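Engineer: Before I ask anything, let me first share the structure, which is written out below as structure tokens.
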Amino acid sequence: MRAVWEVTSAGRCLRVAGPAALSRWWPRIGPQIPGAARGSLVSVAGHAQVMLPDDVTAADARRWINAHLHCVHLRRDTVSVHGVALAHDDRAVLLLGGHGAGKSLTGLALMTGYQWRPVAGDTVLIHVRDRGAPLVIGGTSAYLVRRGEARLWFPELPLPVGDGDRVDISGQPTPGDHPGFRLVGVIQVAVDGGPGGTGLLARCDEQTARNAWYRASGHLLDKVLDDHREDPLRLVEDGELARRRARLVRLLAASAGCGWIRGDPHQMAAMISGGPVAR
């Protein structure tokens, strides 16, 4: 049996037609939808913008929803960026890097040592303005860390019980309707060596910053679907939206810039929180 659902992400809505099982999957999917709050999936009547296959998997349902939300947000000058965001007062820092680079570990060090709080654990929503600093307006509430690495770097941190390699330390999902945190620092992180290594912080040139922003802003379109019959998610973004994203990336590189940092998570957290990048 199919139903129509309305998904709310940071105040934006997307209507999805799919199997009734979507409501059962939502407690697992919702924390991986950027900007989604509890209760952000409701059954509605009427037409849908997205039609999920009847035999869609839970993982593909999440991928399809996120790819279309990427487009919904782009139309409102908001980019969906692969990264970890943390806030302190009204300020936010964004940690960039590929899978396994150490974004979550560095963010965890900022939380445990410097009173920063998580805003997004994997995908960050950034509203770009022609004037003024970009605003972090939400993100995915799940905050996943690898159990072995968390034990290595944070031996005193209690971890959820379970057998899985990746654990969610976020607790309850946070609301996705915050008016926004001023983005004051953008850092590409790389965990290097063991405790006591030498840290390094440097500024990227603008072209390197553009490339980093552009790669990170296509994250939700670069997933491979379980269903080999379907088109690649990349095709969800049409030419007009692709040009819009490139324009927003240029604005982000010019206004927020980007730096890079290498070291252990505690070193990098100290340099980020105590340095000019987070002020």
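The values are calculated or read from the model by the stated rules, or taken from the named source; none is laboratory data. Everything quoted here is computed from the prediction, not taken from an experiment. For neighbour counting, all protein chains shown are included, and Cβ atoms are generated from backbone atoms with ideal geometry for every residue, glycine included. Surface areas here come from the heavy atoms of the whole protein model, side chains and all, with no ligands, DNA or RNA. Shrake-Rupley method; radii C 1.70, N 1.55, O 1.52, S 1.80 Å.
Engineer: How much length, in nm to one decimal, is gained on full extension between ALA242 and LEU152, taken as 0.36 nm per residue of separation minus their Cα-Cα distance?
Structural biologist: Details: separation 90, 0.36 × 90 = 32.40 nm, distance 4.09 nm.
Full-extension gain reported as 28.3 nm.
Engineer: What does the accessible area per residue of the chain come to in Å², with a 1.4 Å probe and no ligands, DNA or RNA counted? Spell out each step's value before the answer.
Structural biologist: Numbers: 13060 Å² over 279 residues.
Heavy-atom SASA per residue in the chain reads 47 Å².
Engineer: On a 0 to 90 degree scale, rounded to 10, what angle separates helix 58-74 from the longest Cα axis of the chain?
Structural biologist: It works out to around 80 degrees.
Engineer: Which of rounded, prolate or oblate describes the range 41-175 when judged by the alpha-carbon gyration tensor and an a/c cut-off of 1.5? Present the calculation step by step, with values, prior to reporting the outcome.
Structural biologist: Numbers: a/c = 2.31, a/b = 1.30, b/c = 1.78.
Oblate, since a/c reaches 1.5 and b/c is not below a/b.
Engineer: Kindly provide log₁₀ I(q)/I(0) values, in the same order as q = 0.13, 0.14 Å⁻¹, from the Debye equation applied to equal alpha-carbon scatterers of the chain.
Structural biologist: After summing over all Cα pairs, the log10 values are -0.86, -0.99.
Engineer: Count charges around ILE29 for me, please; just the other residues with Cβ under 11 Å from its Cβ, Lys/Arg as +1, Asp/Glu as -1. Walk me through the numbers on the way to the answer.
Structural biologist: Values: positive: ARG24, ARG28, ARG62, ARG63; negative: ASP60.
For residues surrounding ILE29, the net value is +3.
Engineer: Label-point separation (nm) for VAL44 and ARG166, each offset 7 Å from Cα along Cα-to-Cβ?
Structural biologist: 2.9 nm
Engineer: Along the positive direction of the dipole of the range 43-112 (beta-carbon charges: Lys, Arg +1; Asp, Glu -1; about the Cα centre), which of ALA67, ALA101, VAL50 reaches farthest?
Structural biologist: Of the candidates, ALA101 comes out farthest on the positive side.
Engineer: GNM, the chain, Cα, under 10 Å: largest mean-square fluctuation among VAL161, VAL72, VAL145?
Structural biologist: Highest fluctuation among the options: VAL161.
Engineer: Helix 206-217 versus the longest principal axis of the chain: what is the Cα-based angle in degrees, 0 to 90, to the nearest 10?
Structural biologist: 40 degrees
Engineer: Rounded, prolate or oblate: which fits the range 200-244 when a ≥ b ≥ c are the square roots of the eigenvalues of the alpha-carbon gyration tensor, with rounded for a/c under 1.5 and prolate only if a/b beats b/c? Please list the in-between numbers first.
Structural biologist: Numbers: a/c = 5.78, a/b = 1.97, b/c = 2.93.
In terms of gyration-tensor shape, oblate.
Engineer: What's the magnitude of the charge dipole for the chain around its Cα centre, counting Lys and Arg as +1 and Asp and Glu as -1 at the beta-carbon? Answer in Debye, nearest 20. Before the final figure, lay out each step's value.
Structural biologist: Working: 33 positive and 27 negative charges, 131 e Å.
That gives a dipole near 620 debye.
Engineer: Roughly speaking, what is the stretch gain from LEU251 to ARG229, that is 0.36 nm per residue apart minus the C-alpha to C-alpha distance, in nm to one decimal?
Structural biologist: Working: separation 22, 0.36 × 22 = 7.92 nm, distance 3.69 nm.
Length gained between LEU251 and ARG229: 4.2 nm.
Engineer: Apply the Karplus parameterisation 6.51 cos²θ - 1.76 cosθ + 1.60, with θ equal to phi minus 60°, to every residue of the range 138-145 and state each ³J(HN,Hα) to the nearest whole Hz, in sequence, with x for glycine and proline.
Structural biologist: The phi angles translate into x, x, 6, 7, 5, 10, 9, 10 Hz.
Engineer: At a 1.4 Å probe radius, which order do ARG151, ARG210 fall into by accessible area, largest first? Working shown, then result.
Structural biologist: Numbers: ARG151 145, ARG210 80 Å².
Heavy-atom accessible area, descending, gives ARG151, ARG210.
Engineer: Relative contact order for the chain: what percent, with Cα pairs under 8 Å and sequence separation of 6 or more? Don't jump to the answer; show the numbers that get you there.
Structural biologist: Details: 587 pairs, mean separation 61.0, N = 279.
Rounded, it is 22 percent for the chain.
Engineer: Beta carbons within 10 angstrom, averaged per residue: use that to sort the peptides 232-239, 266-273, 49-56, highest first. If you can, show how the numbers build up before the last one.
Structural biologist: Details: 232-239: 13.5, 266-273: 22.2, 49-56: 15.0.
Averaged packing, sorted descending, gives the order 266-273, 49-56, 232-239.
Engineer: I'd like the carbon and sulfur percentage of the solvent accessible area for the range 76-134, probe radius 1.4 Å, heavy atoms only, ligands and nucleic acids excluded.
Structural biologist: Values: 880 of 2060 Å².
Carbon and sulfur: 43 percent of the exposed surface of the range 76-134.
Engineer: Also: Net charge within 15 Å of ARG262 by Cβ-Cβ distance, Lys/Arg positive one each and Asp/Glu negative one each, not counting ARG262 itself? List each step's numbers first, then the result.
Structural biologist: On the way: positive: LYS103, ARG203; negative: ASP192, ASP264.
Neighbour charge sum, excluding ARG262 itself: 0.
Engineer: As an exercise, use a Förster radius of 35 Å and the Cβ-Cβ distance of GLU6 and ASN211 to find the FRET efficiency, rounded to the nearest 0.05. Don't skip to the answer; put the middle values down first.
Structural biologist: Working: r = 36 Å, r/R0 = 1.02.
Efficiency, from the Cβ-Cβ distance: 0.45.
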